[in-house]
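Worksheet: one structure, shown below.
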């Protein structure tokens, strides 16, 4: 097995040679892109200078530079979400998604003993929509959480997106605290009075009993691509995802809590998934770098291995199954009964279809969870095996048959 050919100069001419990637059975690089799409972007010039100075770069380095370079990175300076952006995420499609995720965290909090305090930590919070929906659920169930001290911690590298998050979440009457040199580069108070802090790295978030959330976060982490043999079979590996999973697993093992990961991916069955998105359409990964999102399917089997036995893992299970188990049909009916305007009802039904339809997001997206081992050991102490079913009194919400690993 040898590494895939590095991304070298000239970038756009090697695109079709290096990445004849297939997505849903279609090549996303046709070789006939219009001339205007081949424009020289600031990121293109930066990469050219970098390659001329230090030599060829790997796919992972290319992906990291294009997405998160502090000066020219796609995520650092673009508003990529929504209809006017390059892609849209589940929380932006329907409020029900975030509400059910909020219920999941409350369920786990109750099942694990109703601790007196917990941190809600989101990795890559987008515009803050998902955290906002979760906090609304927390407020609506205030009688349940009234004795619990909650704080919000957001891990975000993009200054532009952190500003959107602040607009979505914080009380405008209370000014934000800013310190670019601190590990906590911004602080505020949410509309419901909960303290919220911003960090650039998960390792900077204080350790403590926490619920971690990552929605469409792992798919944008840099991947290494390898090719094996004359058949050019692809293997994609994301070391950074492994490091983050190890950090989450260690934290959960030491201080408790849980992590919920939602993303598109596979359980070790796919090979060549690296692709780009621009204006909701597939985009050649090496054309006009810095103007499009780069992504690759998450290998959940790799995430499971990277727990290194420190935490138990559940899933992946398809999004439609998880949301149905969480009661999406009941919640939809409640909202439809309350909706007076036809346009609101139509929007609710459209969002439900996007989330649940197997041909849209229902089967392509998956949920994956990390939990303390003892959370799944109820009723299994005498079985002497790694595989067991929890007792009926303490199931993990959203998941069906459980495998303790």
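The values are calculated or read from the model by the stated rules, or taken from the named source; none is laboratory data. This is a predicted model, so every value here is computed, not measured. All Cβ positions, even for glycine, are placed from backbone atoms using ideal geometry, and neighbour counts span all protein chains on display.
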So, first residue more than 22 Å from residue 101 (Cα to Cα) in the stretch 331-353, second residue outside any helix (DSSP H, G or I) and at pLDDT 95 or above, Cβ within less than 8 Å, six or more apart or across chains; the pairs are none
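Within the stretch 111-120, does at least one residue satisfy the condition of being at positive phi and over 22 Å from the mean Cα position of the chain (by Cα)?
Scanning the stretch 111-120, I find at least one residue that is at positive phi and over 22 Å from the mean Cα position of the chain (by Cα), so the answer is yes.
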So residue 335 ticks every box in (1) out of contact with any helix residue (DSSP H, G or I) (no Cβ under 6 Å at 6 or more places or on another chain); (2) farther than 27 Å from residue 252 by Cα but one. Which box is left unticked? (1)
With the checklist (1) assigned to a loop (DSSP other than H, G, I, E, B); (2) in contact with a strand residue (DSSP E or B) (Cβ under 8 Å, 6 or more places away or on another chain) in hand, flag the one item residue 241 doesn't pass. (1)
Of the residues 165, 227, 119, which is in contact with a helix residue (DSSP H, G or I) (Cβ under 8 Å, 6 or more places away or on another chain) and closer than 30 Å to residue 264 by Cβ? 165
Could you grab the pairs with beta carbons closer than 9 Å, sequence gap of 6+ or different chains, first residue in the stretch 63-89 and at positive phi, second one surrounded by fewer than 19 Cβ atoms within 10 Å (Cβ to Cβ) and at pLDDT 80 or above? 82/88
Take residue 191 and tell me if it is surrounded by fewer than 19 Cβ atoms within 10 Å (Cβ to Cβ), within 18 Å of residue 123 (Cβ to Cβ) and at pLDDT 95 or above. no
Failed condition for residue 103, given (1) modelled with pLDDT under 90; (2) out of contact with any strand residue (DSSP E or B) (no Cβ under 8 Å at 6 or more places or on another chain); (3) farther than 19 Å from residue 291 by Cβ, with all others met? (1)
With the requirement that a residue be in contact with a strand residue (DSSP E or B) (Cβ under 6 Å, 6 or more places away or on another chain) and touching a residue at least 40 places away in the same chain (Cβ under 8 Å), what does the stretch 166-175 give you? 169
Residue count for the stretch 235-263, restricted to those that are modelled with pLDDT under 95 and more than 18 Å from residue 61 (Cβ to Cβ): 0
Residue within the stretch 176-188 that is surrounded by fewer than 16 Cβ atoms within 10 Å (Cβ to Cβ), in a helix (DSSP H, G or I) and either in contact with a strand residue (DSSP E or B) (Cβ under 8 Å, 6 or more places away or on another chain) or at pLDDT 95 or above (or both) present: no
Could you give every pair whose Cβ atoms fall below 6 Å, whose first residue belongs to the stretch 99-124 and is touching a residue at least 60 places away in the same chain (Cβ under 8 Å), and whose second residue is crowded, with 20+ Cβ neighbours inside 10 Å and assigned to a loop (DSSP other than H, G, I, E, B), counting only separations of at least 6 or pairs across chains? 100/326; 104/398; 121/205; 123/217; 124/217
